[in-house]
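Below: the structure, in structure tokens.
What follows is calculated from the coordinates using simple rules that are stated; it is not laboratory data. Because the structure is predicted, anything quoted here is derived from the model rather than measured. FYI the Cβ positions are ideal-geometry reconstructions off the backbone, even for glycines, and counts take in every protein chain you see.
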Amino acid sequence: MADKQNLWHEFKKGLWQDIPPFRLVLGTCPTLAVTNSVINGVAMGLATLFVLLTSNITVSLLRKIVPGQVRIAAYVVIIALYVTVADMFLAAMFPPISKALGPYVPLIVVNCIILGRAEAFAQKNPLMPSIMDALGMGIGFTMSLAVMGVIRELFGFGSIMDIKLLGDWFEPWIVMILPGGAFIVFGFLVALVNYLSRKKAETICH
């Protein structure tokens, strides 16, 4: 029972308590760059989830084998392998999405979330906790990008995934599909998450 509770804790922390973009402020480059549409945000999130999960599994399994002096270099090689797989898969199966994401899929190699979880968690913990940690962080990251994408696409185009939700009366906010809009939405969501977390903490204290 205690093991199940611990595994659940490792999973759920990435969904709110340590949600990467809004609480840890990690992975902000793709969060800002590719969320001008929902589909791009979700695709980027899933690619990151795949790399995070597979690299956490590999690092956890090899943690007693890889010498400490070269562990960071080894982790980068492992991560680069899985990023290459994700990049080639998107290019082969979903060319338009791959083209839209551009260089940001290869840049997962230097995403602080991936290397951070490998160094801070996977190399210190057994396989199952490492899997749950990766799933929680990856799903939390994907949800964050999806929320960003929903807000920016809705106000930038008046639609979500080509489904028009706002009528002809709506004048699209061009800023929302530009870098400036990404920073505005990101700042708003960071403030909202911090506010809700603070209110929740105050409620628990009382």
Out of 127, 145, sole residue that is of a type outside the set (D, E, K, R) and farther than 16 Å from residue 181 by Cα: 127
Conditions (1) over 30 Å from residue 164 (Cβ atoms); (2) surrounded by fewer than 19 Cβ atoms within 10 Å (Cβ to Cβ); (3) small (Gly, Ala, Ser); number of the one not met by residue 102: (1)
Cross-chain or 6+ apart pairs with Cβ under 8 Å, the range 152-181 first and without any contact (Cβ under 8 Å) to a residue 12 or more places away in the chain, then surrounded by fewer than 16 Cβ atoms within 10 Å (Cβ to Cβ) and not in a strand (DSSP E or B): 159/165; 159/166
Answer from 74, 80, 100 - the residue that is in contact with a Leu (Cβ under 8 Å, 6 or more places away or on another chain), more than 24 Å from residue 13 (Cα to Cα) and of a type in the set (Gly, Ala, Ser): 74
Qualifying positions in the range 184-206 - within 25 Å of the chain's Cα centre (by Cα) and loosely packed, with under 13 Cβ neighbours inside 10 Å: 187, 188, 191, 192, 194, 195, 196, 198, 199, 200, 201
Entirely in the range 1-83, the helices (runs of 4 or more DSSP H) that have 1 or more residues that are in contact with an Asp or Glu (Cβ under 9 Å, 6 or more places away or on another chain): 2-12, 38-62
Any hit, the range 60-83, residues being crowded, with 22+ Cβ neighbours inside 10 Å and free of Cβ contacts under 8 Å to residues at least 40 places away in the same chain: yes
Index of the failed condition, residue 126 passing every other in (1) in contact with a helix residue (DSSP H, G or I) (Cβ under 6 Å, 6 or more places away or on another chain); (2) of a type outside the set (D, E, K, R); (3) under 19 Å from residue 58 (Cα atoms): (1)
Residue 71 within 13 Å of the chain's Cα centre (by Cα) and either charged (D, E, K, R) or more than 28 Å from residue 161 (Cβ to Cβ) (or both): no
